[in-house]
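K.L.:
There's a structure below that I have some questions on.
The values are calculated or read from the model by the stated rules, or taken from the named source; none is laboratory data. For clarity, every value in this text was computed on a predicted model and none was experimentally measured. Here the Cβ positions follow ideal geometry from the backbone for every residue, glycine too, while neighbour counts run over all protein chains shown. Surface accessibility is based on the protein's heavy atoms, side chains included, excluding ligands, DNA and RNA. Shrake-Rupley method; radii C 1.70, N 1.55, O 1.52, S 1.80 Å.
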Amino acid sequence: MMNRLKLLAILVAILSFVSLGAALLWMDSLFEEPEATFVSSIAGEVGAKSVLAIFAHPDDEQLITGLLIRAKEQDAAITRMITATKGEAGTPLPKISRTAELGIIRHAELLKNGYALGVKEQIVWDYADGGVANADFDTYVGDLVDKMLIWKPDLIVTFWPNSGFSDHSDHKTAGKAATAAVTRMKIDHPAMAPKAIAYILAPRLMMDKFGGAVGKRVVANQPTPTHAMPGEGWAKIRGWDIHASQSQYVSKAYGFPPWFIHRLYDKEHYYLQFID
Ligand SMILES: [Zn+2]
């Protein structure tokens, strides 16, 4: 009798172990884009020595930690970032400050994370969080062009204008403005124009299965990624600690903490467009 019980317990343990392993493999596959060409660095692929990330909110840079770190460490590129808003309209997760001061706190979190990622210079503008699409587009593009003339980036990193990773209108406007600024550089200052734009894309299988209506819209409006690279998940895990006012965001969005998710979601996927 005892032996049978023992055997049963061992069988149950083995079965649980196998199904847990299968579940992990399945979850991991949702964050993969097997068709994309795997490279060790997008900046290296472009031969970029100056990278400029153009985003909308504090913590958007969490999507491109791998690109930024490897550009600096592997390719000796200088990295810079322009963020349009201070994230004052975000949801604090958890609430760690007075609501009226959320923008100040998130601005500081963004500067801290940028520093931790080795970003040389960061600018955070005063566009209204949630209202970038309503701002004067030409001014936004013109200001981006002015910075490109000073910094001469050869690689721009931004959101895909039609999907913005999460369909957020601020993200889409940032991607649209960054793209328009590169077009203007190419026409007005061809010798100083960036060589390429890397658009950060969302993992399609995960978005399609668990992203609800928004996820399906993102997938429908995204191109197929051309490249994948290591995401430096450890830096994303660290980044969610630095972004203390958003530190529970991943748990809320995925149902699992960052240390778990960023072991599965370990690559970044890009649509890399060369400017001819
Ligand atoms: Zn954002």
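K.L.:
What's the number of the only condition in (1) in contact with a strand residue (DSSP E or B) (Cβ under 7 Å, 6 or more places away or on another chain); (2) open to solvent by less than 50 Å² (accessible area, probe 1.4 Å); (3) within 20 Å of Gly233 (Cα to Cα) that Thr65 fails to meet?
P.N.:
(1)
K.L.:
Moving to a separate point now. Tell me the residue from Arg70, Arg98 that is at pLDDT 95 or above, more than 16 Å from the ligand (Cβ to nearest atom) and over 17 Å from Val119 (Cα atoms), please. Before the answer, list the steps.
P.N.:
Values: Arg70 fails: over 17 Å from Val119 (Cα atoms).
Result of the check over Arg70, Arg98: Arg98.
K.L.:
From the set of residues in the range 78-95 that are touching a strand residue (DSSP E or B) at 6+ places or on another chain (Cβ under 8 Å) and either in a loop (DSSP other than H, G, I, E, B) or open to solvent by 10 Å² or more (accessible area, probe 1.4 Å) (or both), which is farthest from the ligand (Cβ to nearest atom)?
P.N.:
The initial filter retains those residues of the range 78-95 that are touching a strand residue (DSSP E or B) at 6+ places or on another chain (Cβ under 8 Å), namely 78-86.
Now restrict to residues that are either in a loop (DSSP other than H, G, I, E, B) or open to solvent by 10 Å² or more (accessible area, probe 1.4 Å) (or both): 78, 80, 86.
Values: Ile78: 24, Arg80: 18, Lys86: 12 Å.
Top of the filtered list is Ile78.
K.L.:
Filter the helices (runs of 4 or more DSSP H) completely within the range 179-276 down to those with at least 1 residues that are at pLDDT below 95. Explain how you work it out, then say what you get.
P.N.:
Details: elements: 204-210, 212-221, 233-242, 249-254, 258-264.
Ranges flagged: 204-210, 212-221, 249-254, 258-264.
K.L.:
Moving on to the next point. Do we have Met229 as of a type in the set (A, V, I, L, M) and either within 16 Å of the chain's Cα centre (by Cα) or farther than 24 Å from Leu155 by Cβ (or both) here?
P.N.:
On the way: of a type in the set (A, V, I, L, M): yes; either within 16 Å of the chain's Cα centre (by Cα) or farther than 24 Å from Leu155 by Cβ (or both): yes.
Judged against the criteria, Met229 is a match.
K.L.:
Taking the residues in the range 155-187 that are closer than 17 Å to Ile275 by Cβ and of a type in the set (Ser, Thr, Tyr) as candidates, determine which candidate is nearest to the ligand (Cβ to nearest atom).
P.N.:
Thr158
K.L.:
State yes or no: is Ser40 of a type in the set (Ser, Thr, Tyr) and without any contact (Cβ under 8 Å) to a residue 12 or more places away in the chain?
P.N.:
On the way: of a type in the set (Ser, Thr, Tyr): yes; without any contact (Cβ under 8 Å) to a residue 12 or more places away in the chain: no.
Spelling it out, it is not the case that Ser40 is of a type in the set (Ser, Thr, Tyr) and without any contact (Cβ under 8 Å) to a residue 12 or more places away in the chain.
K.L.:
Looking at the range 144-160, I want the residues that are open to solvent by 10 Å² or more (accessible area, probe 1.4 Å) and have a partner that is aliphatic (A, V, I, L, M) and assigned to a loop (DSSP other than H, G, I, E, B) with Cβ atoms under 7 Å, at least 6 apart or on another chain. Which pairs are those?
P.N.:
Close Cβ pairs satisfying both conditions: Asp154/Ala48.
K.L.:
Determine, yes or no, whether Asp75 is at negative phi, more than 16 Å from the ligand (Cβ to nearest atom), in a loop (DSSP other than H, G, I, E, B) and of a type in the set (Asp, Glu). Even if it seems obvious, please write down each step before you answer.
P.N.:
Working: at negative phi: yes; more than 16 Å from the ligand (Cβ to nearest atom): yes; in a loop (DSSP other than H, G, I, E, B): yes; of a type in the set (Asp, Glu): yes.
In short, yes.
K.L.:
Scan the range 250-276 residue by residue and report those that are buried (at least 19 other Cβ atoms within 10 Å of the Cβ) and within 21 Å of Gly87 (Cα to Cα).
P.N.:
Result: Val250, Pro258.
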